[in-house]
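The values are calculated or read from the model by the stated rules, or taken from the named source; none is laboratory data. Everything numeric in this text was worked out from a predicted model, so none of it was measured. Cβ placement follows ideal geometry from the backbone for every residue including glycine, while neighbour counts extend to all protein chains displayed. For the accessible areas, the whole protein counts, side chains as well, though only heavy atoms, and no ligand, DNA or RNA atoms are used. Shrake-Rupley method; radii C 1.70, N 1.55, O 1.52, S 1.80 Å.
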Amino acid sequence: SKPKRGWFGKKKKQGKTEEEQNELKAEMKMDEHRIPKDELISRFSTDEERGLTTEVFKKRLADEGENRLTPPAQTPEWVKLLQTQTGFFSLLLWAGAILCFVGFALKNDQENLILGIVLACVVVMTGLFSYYQERNASDLMNSFKEMMAEETVVVRDGNSTRVDARQLVRGDIVHLKGGDKVPADVRILSCSDDTKVDNASLTGESEAIKREPK
């Protein structure tokens, strides 16, 4: 999946070739949170007061794409359910159940019939339970989409404008106020002394964490 990137976060890519993998490793070595502010601003051709120019923004958006999560291709639910019924252990139980049904058909033995039904029920119930757990995990991941900001205030060409958060690119200067959702991976350039960020939904921390400019 394509991860979220924002103000000064680097965009990551997926690739199968060795060259693409090496590029991915190189991009994962991020230093935007450690380098001096002036170097950071220079690297992304931006300005702390005026933000990006429209020209730079359009080019970067065209080159790097929107600031949004791109989930992988979704597996149909019926396929997921079928997969829970065809694991190695499940196939062994299915084989045992089939043999029991064959034994019942040949000898009319009620014990074989009962055992076959029990084995089949065990496989089905276990598979349904696994599917239910996977479905809950998938729903939890989908809920992260609801935490993403829909709009944010960005500075471009010296003007503050409310834009779709998906239109953010690296180097954008974004203004946030109390209660706003953070729209992307960011580095704080300036803030009030009492600025705090609530990371509870991501890290489980019970209290908001104080943040300072870097």
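Here's the yes/no breakdown for (1) modelled with pLDDT of 85 or more; (2) over 30 Å from Lys59 (Cβ atoms):
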| residue | (1), (2) |
| --- | --- |
| Leu176 | yes, no |
| Lys181 | yes, no |
| Ser190 | yes, no |
| Leu202 | no, yes |
| Ile209 | no, yes |
| Lys214 | no, no |
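Determine if the stretch 180-197 includes at least one residue that is acidic (Asp, Glu), part of a loop (DSSP other than H, G, I, E, B) and open to solvent by 80 Å² or more (accessible area, probe 1.4 Å). Spell out the reasoning first.
Here is the first cut: in the stretch 180-197, the ones acidic (Asp, Glu) are 180, 185, 193-194.
Checking the rest, the ones that are also part of a loop (DSSP other than H, G, I, E, B) come to 180, 185, 193-194.
From what is left, the residues that are open to solvent by 80 Å² or more (accessible area, probe 1.4 Å) are 193-194.
Yes.
Check whether at least one residue in the stretch 133-153 is surrounded by 13 or more Cβ atoms within 10 Å (Cβ to Cβ) and assigned to a loop (DSSP other than H, G, I, E, B), and report yes or no.
Narrowing the stretch 133-153 to residues surrounded by 13 or more Cβ atoms within 10 Å (Cβ to Cβ): 134-135, 138, 148-149, 151-153.
Remaining after also requiring assigned to a loop (DSSP other than H, G, I, E, B): 148-149.
So far as the stretch 133-153 goes, yes, one or more of its residues are surrounded by 13 or more Cβ atoms within 10 Å (Cβ to Cβ) and assigned to a loop (DSSP other than H, G, I, E, B).
So Ala120 fits all but one of (1) open to solvent by less than 40 Å² (accessible area, probe 1.4 Å); (2) not in a helix (DSSP H, G or I); what number is the exception?
(2)
Quick one: is Glu212 assigned to a loop (DSSP other than H, G, I, E, B), in contact with a Cys (Cβ under 8 Å, 6 or more places away or on another chain), loosely packed, with under 14 Cβ neighbours inside 10 Å and not aromatic (Phe, Trp, Tyr)?
In short, yes.
In the stretch 49-77, how many residues are at pLDDT below 90 and either open to solvent by 40 Å² or more (accessible area, probe 1.4 Å) or of a type in the set (Ser, Thr, Tyr) (or both)?
Here the count works out to 11.
Spot the failing condition for Phe104; the list is (1) buried (at least 17 other Cβ atoms within 10 Å of the Cβ); (2) in a loop (DSSP other than H, G, I, E, B); (3) at pLDDT below 90, and only one is missed.
Exception for Phe104: condition (2).
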